[in-house]
Structure formats: structure tokens, C-alpha cells
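Shown next, in C-alpha cells, is the structure this report addresses.
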Amino acid sequence: MIKLTERARRALCPDEVLLLDWHRVAICCAAAGEASLRAIPLARLTGYAGRRFRPVECDPPASALVHERAYPHLEGRDVIVDCRLRLGLRHFTTDLPDDFGLRASLGRIPGLPTQEEINDDAPGQRPGGQTS
């Protein structure tokens, strides 16, 4: 669930939605990317661009959309969005790690089990991944 702080709620205009976008940054790995967050008028989401974003559970309802490539990495996670003014401009931020996109593409998001932890918990496995 994406939760907006009181400052973020006040900064978001009634005709806007927060957009968690995904930008590809690698040619060799299709999943590698970087996430960005910005407010965008709902009217700009028409056409092709509007189909790349999915609604997510958020508080307040219908206040955020997530790019389809970032959606699987955020599913089931609580994300806090805040807003600060910098030189008179709104700057929305999340509590996600700065390298969230890279971590997501490598499967290393904090709170998720690593492959080693999954293998260690598998029945019939000995240390080192050897089967019994």
C-alpha cells in the first residue's frame, strides 16, 4: 500500500495523481531500471502512456499509479510518500532505498528473502545446497 503523509496530501492537487515511473537503464537486462516519483495531471494519462501504469492500493484512494515494470517489486510492500518544498517546487519522495531499481532487478530488496535463505529453508537440503 502506498501511504501519503499529511504534507504529501496537501501538496497533491485534486486533479493530480502520483506516478511511480520505471526507466530502463540497461540494455543487457530488460528488468534493470530506476524508479522516479512525480505528480501528473490525470488528463495527461490518456492514450498509450495511461496503459503502462497500474492502480495500486493507496491512502488516500486513487492517489497513485505504478508503472507495470515496478508493480511486481512493490506488490505487498508499504511505501510512505512525503513531499517537501525545494526552492518553491514540490519534491515527492518515498522511503524506498535510493538504489531501489537496481536492487529490484537483482532481487535484493530489503525485507525479501535472498536465494540462499530460500535454499536453506528448503526441505531435504544440507548446508551448501546439497540434497540429502
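Data overview
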quantity	calculated
Members of the range 60-69 that are closer than 14 Å to Leu18 by Cα and either touching a helix residue (DSSP H, G or I) at 6+ places or on another chain (Cβ under 9 Å) or of a type in the set (Ser, Thr, Tyr) (or both)	Pro60, Ser63, Leu65, Val66
Residue pairs meeting the criteria (Cβ under 7 Å; at least 6 apart or on separate chains; first basic (Lys, Arg), in the range 48-76; second modelled with pLDDT of 80 or more and crowded, with 20+ Cβ neighbours inside 10 Å)	Arg54/Leu65; Arg54/Val66
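The values are calculated or read from the model by the stated rules, or taken from the named source; none is laboratory data. Remember, predicted model here, so these are calculated numbers, not experimental data. Cβ coordinates were reconstructed from backbone atoms using ideal geometry, including for glycine residues, and neighbour counts include every protein chain displayed.
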